[in-house]
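Read the structure below first, then the notes.
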Amino acid sequence: MQRLVTCGFVMLLAACAPAPTKPALPAGAASTAAADTGDADVQRVVDGVHMIQSGQIQAAIDGPFNEVVHRYEAAYGASTKKIFSARGTADALVYSTMGASIKPPVATEVLGPAWAMAYWGRAYAYNEMARYDDAIVELNKALALAPYDAQYNIELAFDYQQKRQWATSLELYKTAAAFVDLTAAPGAVANMTCKALRGQGYNLTELHRYDEARAAYRACLEKIPDEPKSLGELKYIDQMEAKGRAGA
């Protein structure tokens, strides 16, 4: 039975580009003008995604993604504050308190989602070119700005899966599952949770931890009944165990 890697880059544009409303930021984090610019930058990242989907992969990197990255790096790269890039109110509030836990404590500034999204966009482009190491670099940049973002953790886990680094990928999928409720759009929670669980199941299967893999796939099926990839993987595990018994 041929198996497909459990999930590729997650194209949930509804989650990636939540404006028409601006991300809610802590008081004083950004002026109205800056928030308006942030919305325009989110749209530029979405433009880049559409370019990738139409086959203009390198042009998306050289154009919209680099444009947004360079603007934010120029504005905030030398900041003495700890900068975060939040999708909305919930993660913005969490990030705004994190500076106090750093030794020594530092001031924080929480921006909207565009900066981290631009790194993610470049990673998506590199992934389409099977340049997984380059994608990993970009996703780590995104996660430095948005460490609790479930989507970025899922997609970093996917790239390590491509490199057959099952244990590293497994831990990232577990992290993603823990943060889905914080960062996923309301309508995407079940789907993204299932992706994180299927990713765990795939890695656990490759590690021959079949009982744990079954539990992960069944947890996905609790979120999305009759989800076909999970059902297929459960059958695959049964086949692998049957072959093992036959060869014993």
Once amide hydrogens are built 1.01 Å from N within the peptide plane, the residues lying 5 or more places from Ser85 or on another chain with amide H under 5 Å from its amide H are Leu111, Ala146
Karplus-derived 3J(HN,Hα) from phi for the range 122-132 (6.51 cos²θ - 1.76 cosθ + 1.60, θ = phi - 60°), whole Hz, x at Gly and Pro, runs 5, 4, 4, 5, 5, 4, 5, 9, 6, 9, 5
Taking a crude spin-label model, label points 7 Å out from Cα along the C-beta direction, the Ile102 to Met129 distance in nm is 3.1
In Å, the Kirkwood hydrodynamic radius from C-alpha pairs for the range 148-243 sits at 13.1
Long-range amide H partners of Thr108, meaning residues 5 or more apart or on another chain whose placed amide H is closer than 5 Å, are Lys82
Applied in sequence order to the range 214-221, the curve 6.51 cos²θ - 1.76 cosθ + 1.60 (Karplus, θ = phi - 60°) yields integer Hz couplings, x standing for Gly and Pro, of 4, 4, 5, 5, 5, 5, 5, 5
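For the cross-link pairs Lys141/Lys223; Lys163/Lys195; Lys103/Lys195; Lys223/Lys243; Lys81/Lys195; Lys163/Lys229, which exceed 27 Å when the distance is taken from alpha carbon to alpha carbon? Working shown, then result.
Numbers: Lys141/Lys223 31 Å; Lys163/Lys195 18 Å; Lys103/Lys195 35 Å; Lys223/Lys243 30 Å; Lys81/Lys195 34 Å; Lys163/Lys229 21 Å.
Long pairs (Cα-Cα over 27 Å): Lys141/Lys223; Lys103/Lys195; Lys223/Lys243; Lys81/Lys195.
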The ³J(HN,Hα) series, computed from each phi in the range 177-186 with the Karplus coefficients 6.51, -1.76 and 1.60 at θ = phi - 60°, rounded to the nearest Hz and given as x for glycine or proline, is 4, 5, 10, 4, 5, 7, 10, 7, 4, x
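Using only the Cα atoms, what convex hull volume per residue in Å³ does the range 89-248 have?
133
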Quick calc, Lys81 & Gln58: beta-carbon distance into FRET formula, R0 41 Å, rounding 0.05, result 0.75
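Just so you know, all these numbers are worked out from the coordinates, no wet-lab data involved. Quantities reported herein were computed from a predicted structural model and do not represent experimental measurements. Note that we place each Cβ from the backbone using ideal geometry, even for glycine, and neighbour counts take in every protein chain shown.
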